[in-house]
Amino acid sequence: MASRQVKLAVLALIGILTLTLSIALAGKETEKDVTIDQVPAAVKATILKEAGTNTIEEIEEVSKDGKVIYYEAEWKTGGKEIEITVDPKGKLLSKEIEEDDDDDDDDDDD
């Protein structure tokens, strides 16, 4: 009898842990580095139009719940860092311009 209660308690605990983990992971955004040739044609056109002749340093595909929600692209020009956000259909959502301080402050310790 006690063995059955222990098994039920363990199963209940596993269920609670599984539910907690799935709730914690739900809605989490994930980022993946991609190349200009890996993004949809409309996104590529917008990024290339905005970047002009500047070298694109990074493109990230941002997903939520397995669905791409936007792309971010970065480059430098004239002492400034430019970052744009583009939706999957190629619409420019935002453009940020910051002074380029030449510090790699992306908090990577490698």
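Starting from the range 26-47, take each residue that is free of Cβ contacts under 8 Å to residues at least 12 places away in the same chain and list its partners that are surrounded by 11 or more Cβ atoms within 10 Å (Cβ to Cβ) and basic (Lys, Arg), counting only C-beta distances under 7 angstrom and pairs at least six apart or across chains.
The qualifying pairs do not exist here.
Where in the range 2-110 are there strands (runs of 3 or more DSSP E), lying fully within it, with 2 or more residues that are of a type outside the set (Lys, Arg) and at pLDDT below 95? Please lay out each step first, then the result.
Values: elements: 29-33, 56-64, 67-77, 80-86, 92-99.
In the range 2-110, 29-33, 92-99 are the strands (runs of 3 or more DSSP E) which contain 2 or more residues that are of a type outside the set (Lys, Arg) and at pLDDT below 95.
The values are calculated or read from the model by the stated rules, or taken from the named source; none is laboratory data. What you see is a predicted model, and the numbers here were worked out from it, not measured in a lab. Because the Cβ atoms are built from the backbone with ideal geometry, glycine has one as well, and the counts that use them run over all protein chains shown.
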